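Contents: one structure, followed by commentary.
Taken together, the values in this text are just the output of simple stated rules run on the coordinates, not laboratory data. None of the values given here were measured: they were computed from a predicted structure. FYI the Cβ positions are ideal-geometry reconstructions off the backbone, even for glycines, and counts take in every protein chain you see.
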Amino acid sequence: MKKVVAGIPVKNEEFMVSKALDALVKFCDKIVIYDDGSTDRTEEICRSYEKVAWRVRPPHDPNYREEAKQRSELIKILREYDPEYSFLIDADEVPTPSIVNFIENIDPSIGAVGCRVINLWGDESTYRCDSYTTKYGTNVNWDPFSSRPWMKYHLMKFNSAKEYEHDMRIHHGGVSNYHPSPNNPDGSVIVTDKFHTIHYGKLLNDYLNGSIHAKYSTWEENGQHGPGSFSSRIEWHKEHNRVDTLELRKTDPSWFWRTK
C-alpha cells in the first residue's frame, strides 16, 4: 500500500465533510484538516474519524482568502507525516472509488495527476454538461467529458525535502498550474480518466442562494491583484453561473462509494 496523506482546508463544512472523509479513509493513511475558523460542527465531525489530524490556521483577515498561502501552509503540515503521495482536496469534493486501484498501480515516474471534475446538479443522479459563451466573451464549459474540461490535480508524489511553490499572489482561484497541487512536482504530470472527482458544491445552500458569489466577490475585490469592484465581480459570477442553457446527464453509479 502506498502511504497517502490527504489535506483538506475547511471552514464551516458540517453539511459535506463527512462524505469526503468517508471516502478518504478508504485509501489515506492520514487526513489533515486545516481549519480556517469554523463555528459549526465541522471540528466535532472531523475529530470523530480516527485518521484525522485537526490543525488550526493562524487568525487572519477573513476578507482575504489567501488561498495560495493556505495551500502552501497545508503542504508544509503534510510533510510532518512523511507521505509517499499527497492528496489535496476540498471538503465538497469526493474522488471516485476507482482511485484506489489507480494509486496502487501508479507509475513511480509520475509526479502529479489531473482528473476530470464532475459537477453534480440537483442531486447525485445528474450532473451538468452544457456550455456557453458569456457576455464577457469567456467560455463556460460544464461538460466534464469534453476536450477542455475543468480538471484538478489532487494527487502528487511527495518529496519531503523539496520546497514546493504556489503563486502567492492568488487570493482566490487556481493557485498553480496544477491546482491545488504546487507548480513544481517531481516527475511527469499526467491527466487520467481512470478516476474522477465528484463536486458537490453546486448542491449546497451557499451556492443555491448566491451567498458564495458574494463571498468570492469580497475576496476578489480585496485581493492584492483583485480583478474589480464588488458589484462587478458579483455580476461576473452570475453570468458565469447562468442556468438558461442548463443541460443534464445521468451519473454513473460506479462513481459513488458504497455506504457504510
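A few remarks follow.
- Lone unmet requirement of (1) closer than 30 Å to Ile110 by Cα; (2) in contact (Cβ under 8 Å) with a residue 60 or more places away in the chain for Ala161: (2)
- In the condition set (1) under 21 Å from Arg242 (Cα atoms); (2) surrounded by 15 or more Cβ atoms within 10 Å (Cβ to Cβ), Ser181 is compliant with all but (1).
- Matching residues, region 5-44, being outside any loop (DSSP other than H, G, I, E, B) and out of contact with any Phe, Trp or Tyr (no Cβ under 8 Å at 6 or more places or on another chain): Val17, Ser18, Ala20, Tyr34, Thr42, Glu44
- Of the residues making up region 160-178, those that are crowded, with 17+ Cβ neighbours inside 10 Å and in contact with a helix residue (DSSP H, G or I) (Cβ under 9 Å, 6 or more places away or on another chain) are Tyr164, His166, Asp167, Ile170, His171, His172, Val175, Ser176.
- Any chance Ser131 is touching a helix residue (DSSP H, G or I) at 6+ places or on another chain (Cβ under 9 Å) and polar (S, T, N, Q): no
- Cross-chain or 6+ apart pairs with Cβ under 8 Å, region 236-253 first and over 19 Å from Tyr216 (Cα atoms), then of a type in the set (Gly, Ala, Ser) and surrounded by 13 or more Cβ atoms within 10 Å (Cβ to Cβ): Thr245/Ser131
- Among the residues making up region 45-69, a single one is surrounded by fewer than 19 Cβ atoms within 10 Å (Cβ to Cβ), in a helix (DSSP H, G or I) and in contact (Cβ under 8 Å) with a residue 12 or more places away in the chain: Lys69.
- Against the conditions (1) more than 30 Å from Glu220 (Cα to Cα); (2) touching a strand residue (DSSP E or B) at 6+ places or on another chain (Cβ under 7 Å); (3) among the charged types (D, E, K, R), Lys26 satisfies every one except (2).
- In region 213-254, residue surrounded by the fewest Cβ atoms within 10 Å (Cβ to Cβ) [restricted to those that are of a type in the set (S, T, N, Q), within 21 Å of the chain's Cα centre (by Cα) and in a helix (DSSP H, G or I)]: Ser254
- Qualifying residue in region 189-198 (condition: in a loop (DSSP other than H, G, I, E, B) and either under 30 Å from Val100 (Cβ atoms) or of a type in the set (S, T, N, Q) (or both)): no
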